[in-house]
Amino acid sequence: MTGGEDLSGFSLFELFRAEAEAHLGTLETGLVALEADPKNATRLEELMRAAHSIKGAARIVGLDAAVKVAHAMEDCLVAAQKGKIMLAVPAIDALLSGTDVLKSVSQIDPAVAPQALAGRAEEFQALVVRLQQASRGELLESPASAPQAAVVAAPPPSASVPQVAAPPVAAAAVPAVPAPPTTARAGGEAVEDQSVRVSATSLTRMLAFAGESLVEARRLSAQAAALEVLKRSSGRLVTAVENLADRLASNGEAAKHTEALALLRTQPARVRDKLSEQREALETTARRGEDLADRLYGEILASRMRPFGDALGGFPRLVRDVARELRKKTRFRVEGREVLVDRDILERAEAPLNHLLRNALDHGLEVPEARAAAGKPVDGLLYLSARHRGGMLEVVVEDDGRGVDPERVRTRVVERGMIGADIAGSLSKAELFEFLFLPGFSTRDQVTQLSGRGVGLDVVQRFAQEMGGSVRVESEVGKGTRFVLVLPITRSVLRAALVEISGEPFAFPLTRIERLLRLEAGALQSTEGRQHYLHEGQPVGLVSASEVLSLPPGKTASEHVHVVQLVSGNDRYGLAVERFLGEQDLVVRPLDTRLGKVANLSAAAVLEDGDPVLIVDTDDLVRSVDLLLHQGRMRTIRVTARKDEAQRRGRKRVLVVDDSRTVREVERGLLTSRGYLVDVAVDGSDGWNAVRGGDYALVITDVDMPRMNGIELTRRIKQDAHLRKIPIMIVSYKDREEDRQRGLEAGADAYVTKSSFQEAGWIDSVVDLVGEP
Amino acid sequence: MSEPRPPAASAPAAPAAPLSAAEAEARLRAAADRLLARAPAPAYLEAWARSLTRALFEGAAKEERAAVVFRLGEDLYALDVGHVREVHRPRRVHRVPGRTNEVFRGLVSLRGELVLCADLHVLLGADRPPRPPATTRVVRAEKDGQGWAFDVDELLDVRRYDAAAVAQPQVTVSKAAVHFTDALLPLGGEGVGRHAARLDAARFFAGLARSLT
């Protein structure tokens with residue numbers, strides 16, 4: 001293998017890594033495509049070049065092992081190019097294994113490369129031999145059914161086999177094919193846009209400076225406008241002089257002042273003309289500066305965008321391997337590779353898309369026999385597409401498999417006790433499919449075709465929500481399933497409505513508000529201290545935005561009430577603000593990490609005038625509004641409660657504290673259907689307020705929450721002389737013993753994991769703690 | 001360091017006329033001047049300053065340091081220049097709901113970057129003038145990559161001083177400030193006995209950070 005060379009010539013190795021990354025991508029995608037079309041000359045040529053380039057790059061950094069593997073791959077591809085062999089599945093497998101090995105080598109820490117590579121000498125040698133067999137057309141079978149098995153089953157690193165790789169042997173086995181001349185290569189290369197790596201911090205800073213220069217350039221226009229005022233007053237001076245001269249002339253006194261008048265006539269006019277000239281010049285400069293700053297700004301923003309295809313590197317390979325493993329046949333089609341997407345979103349989309357593709361292969365597509373029996377083409381169709389639609393990016397993962405049966409979902413949901421049969425009966429197909437995204441939904445029952453459908457789909461949904469988008473499922477039984485991810489095209493620019501709250505500007509993402517309303521004061525109605533107005537005949541609760549944000553109320557000069565109407569699920573909320581300030585495209589800046597998650601806010605930005613603005617997290621805000629209204633309703637409920645005390649007597653009230661709306665609703669559903677009265681709080685701090693104000697038989701809390709976590713909440717309740725007798729159940733994703741211990745030490749009476757929602761056991765343990773409702 | 005402004009290049013908007021050799025050379029020179037007149041990176045300057053001054057101060061066991069001196073109410077404070085990034089005219093501060101408190105006031109935009117803004121009058125317990133004076137400036141300071149902006153009533157000076165010549169802090173500044181200061185810098189010149197309280201960077205920035213929790 002390599003001698004005792006020091007590979008920590010770091011920057012060189014970095015270069016190798018970057019180059020290898022690009023070529024390995026080409027190899028992986030190309031090899032999979034080649035399998036379907038083994039004689040494609042252009043593709044063979046492209047692949048051969050990629051292998052050749054990696055070989056060259058590896059030689060420069062002294063990675064002999066990689067050189068040998070790449071060389072054997074190149075030989076194999078050259079043989080195919082010359083028509084000496086046909087690349088069948090085993091050969092493609094060997095080439096793909098080679099790609100894997102090269103990838104692992106390129107990611108090695110250069111400082112330990114010699115030792116690490118020496119340890120894997122046997123693995124490399126075995127692979128080289130397989131590739132050589134392939135290039136002679138002698139490789140008829142893959143060593144194992146799963147293509148990656150060769151890599152996985154590599155012999156354990158053993159220090160006792162140093163320097164085993166025998167270059168002379170390898171050389172002898174290589175058919176005497178001269179390396180293609182390099183010159184041929186340079187010619188045919190498609191001209192591609194070169195890219196450079198820029199650190200994210202630098203890019204953000206460039207954006208900030210470009211934004212600021214835009215602000216400055218706009219100030220210049222304002223100065224040009226100020227000159228206009230000067231020009232106008234000099235114009236008035238000219239008129240005044242003319243009037244004076246006329247009057248003197250009519251008095252016959254003009255002759256006495258001829259010289260002075262001549263001066264007065266010419267000078268102000270010259271001042272006016274000069275000012276006019278200067279103003280125009282300044283305006284032109286300002287306009288150019290603004291235009292330039294604007295373009296600079298646009299260009300820097302655009303540099304954040306990458307084609308969708310960039311994220312797809314590993315997918316054809318993934319689909320091929322998973323399909324082979326599952327013994328399914330599939331055609332994988334991708335559309336919209338050139339669609340531009342923000343690099344942040346693209347990077348983070350990879351895992352969820354990977355998940356959706358696996359999911360479709362595993363649970364969507366049927367095995368070939370079943371497809372044939374159903375009268376479908378044996379090859380299942382798997383389709384991934386991206387496009388811009390309505391200012392959003394729409395990514396679709398679609399299969400033509402068996403589909404999801406809404407009736408099965410309905411049954412499962414009722415079986416799990418998530419909702420009552422009566423409610424389940426009235427749910428639409430779309431509403432039922434929402435359940436597929438619940439954490440851990442349908443993990444157990446392997447016999448149903450639903451099995452596993454839900455595993456991890458909550459991750460996909462969380463991703464979509466974090467990005468400010470959404471995901472939905474469409475499916476026809478027997479025809480296929482379609483997952484539609486709707487994401488913002490960029491996270492860097494946001495079209496927002498600006499409003500004034502408590503004297504300061506705040507921004508609402510346009511996609512997140514239903515409408516802006518300017519209401520007459522008379523349109524407001526009040527019941528029991530709560531205000532509402534009618535929207536399409538339905539009452540919408542109105543709260544003051546400054547109250548929700550805990551800011552002092554601001555002043556309004558208007559006789560109207562300015563309302564931002566938000567919609568969440570089936571609920572509408574009206575948020576009263578002081579003024580509408582218009583719409584603007586904002587360049588989103590994350591909030592300083594030192595602030596942590598700030599309630600009700602998602603990010604910040606700088607306005608066109610250079611002032612800061614905060615961007616509202618509407619989901620969070622809706623939760624806060626809900627809570628505010630809910631607390632109000634709690635007060636009202638207590639007033640009416642006395643009337644039907646008899647009916648209510650004995651029913652126990654439970655407080656559910658969780659920052660996930662889904663979990664809250666599931667818990668609320670389970671508890672309500674069992675007969676408990678339920679209040680909810682969105683985090684520990686809200687829970688603490690609620691528990692002091694209410695009369696609860698039980699508090700159920702999550703652990704990880706903003707503002708105050710569940711452990712702290714538990715501790716506080718247990719330290720309070722009046723509240724300590726309330727039993728507390730902690731429900732958490734964390735199932736390690738130490739987490740459990742931590743909860744119980746804080747004073748919790750029970751600690752259960754969220755996965756237990758699916759079992760009847762959960763509601764039983766509630767009954768155990770507090771008795772029947 | 002004098003800053004010779006390069007002669008303004010002739011308006012680039014006038015094309016057409018072919019350049020004479022002399023003009024071309026002049027333009028090239030102007031471009032080169034501009035390139036060379038660019039501000040060097042702070043780290044580069046610092047490295048050179050250190051290497052050049054080492055010879056100067058070797059033998060004389062004098063450690064020269066520099067601090068930015070500013071005024072809050074009646075009190076004078078000094079912060080090591082190494083921590084001061086830039087100074088601006090006052091800007092509008094946007095409160096952060098739920099987070100803004102007496103010390104942490106909100107976000108301010110400086111050169112298009114959003115910076116956390118603190119009230120040093122409160123942190124250091126200095127008297128606040130009834131209305132911000134015309135001399136008010138916003139200072140952007142940074143330690144370990146953590147930036148802060150704060151208003152000062154007046155920016156006085158960048159003062160070089162001998163590190164050995166500082167006095168122990170006394171209660172000449174407000175009590176709250178004592179906790180954040182580690183020495184008194186004699187300012188000399190304008191009247192005997194005038195001192196600035198030197199802020200201990202570690203404690204000062206930790207105090208700012210505490211305002212966020």
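The values are calculated or read from the model by the stated rules, or taken from the named source; none is laboratory data. For clarity, every value in this text was computed on a predicted model and none was experimentally measured. Virtual Cβ from ideal backbone geometry, glycine too; neighbours counted across all protein chains shown. Quick note on the areas: whole protein, heavy atoms, side chains included, nothing else; ligands and nucleic acids left out. Shrake-Rupley method; radii C 1.70, N 1.55, O 1.52, S 1.80 Å.
Of note:
- Within the range A:554-571, being surrounded by fewer than 17 Cβ atoms within 10 Å (Cβ to Cβ), within 32 Å of the chain's Cα centre (by Cα) and in contact (Cβ under 8 Å) with a residue 12 or more places away in the chain holds for A:V567, A:D571.
- Residues in the range A:118-140 that are out of contact with any helix residue (DSSP H, G or I) (no Cβ under 7 Å at 6 or more places or on another chain) and assigned to a helix (DSSP H, G or I): A:A118, A:G119, A:A121, A:E122, A:E123, A:Q125, A:A126, A:V129, A:Q133.
- Which listed residue, of B:E142, B:E102, is modelled with pLDDT of 85 or more and assigned to a strand (DSSP E or B): B:E142
- Of the residues examined, B:D200 is not one that is open to solvent by less than 70 Å² (accessible area, probe 1.4 Å), at pLDDT 80 or above, within 16 Å of the chain's Cα centre (by Cα) and under 20 Å from B:D127 (Cβ atoms).
- Given (1) of a type in the set (K, R); (2) open to solvent by 50 Å² or more (accessible area, probe 1.4 Å); (3) part of a helix (DSSP H, G or I), index of the condition A:R327 fails: (3)
- Condition met for A:R247 (modelled with pLDDT of 80 or more, open to solvent by 90 Å² or more (accessible area, probe 1.4 Å) and of a type outside the set (S, T, N, Q)): yes
- Close pairs (8 angstrom Cβ cut-off, 6 or more residues apart or separate chains): in contact (Cβ under 8 Å) with a residue 12 or more places away in the chain in the range B:118-129, in a helix (DSSP H, G or I) and open to solvent by less than 10 Å² (accessible area, probe 1.4 Å) anywhere: B:A118/B:L208; B:L123/B:G207; B:L123/B:L208; B:L124/B:A177; B:G125/B:A177; B:A126/B:L120; B:A126/B:A177
- A:V682 passes every criterion in (1) at pLDDT 85 or above; (2) surrounded by 22 or more Cβ atoms within 10 Å (Cβ to Cβ) apart from (1).
- Complete set of residues in the range B:58-89 that are within 12 Å of chain A (Cβ to nearest Cβ) and open to solvent by 70 Å² or more (accessible area, probe 1.4 Å): B:R89
- Those residues of the range B:98-123 which are open to solvent by less than 10 Å² (accessible area, probe 1.4 Å) and either at the interface with chain A (Cβ under 7 Å from one of its Cβ atoms) or under 21 Å from B:A206 (Cβ atoms) (or both), in sequence order: B:F104, B:G106, B:L107, B:V108, B:S109, B:G112, B:V115, B:L116, B:C117, B:A118, B:L120
- The numbered conditions (1) over 23 Å from the mean Cα position of the chain (by Cα); (2) in contact (Cβ under 8 Å) with a residue 12 or more places away in the chain; (3) open to solvent by 60 Å² or more (accessible area, probe 1.4 Å) are all true for A:G375 except (2).
- Figure legend. Inter-residue proximity from the range A:100-122: first residues acidic (D, E), second residues open to solvent by 40 Å² or more (accessible area, probe 1.4 Å), beta-carbon distance below 6 Å, spacing 6+ or different chains. Indicated pairs: A:D100/A:V151; A:E122/A:P155.
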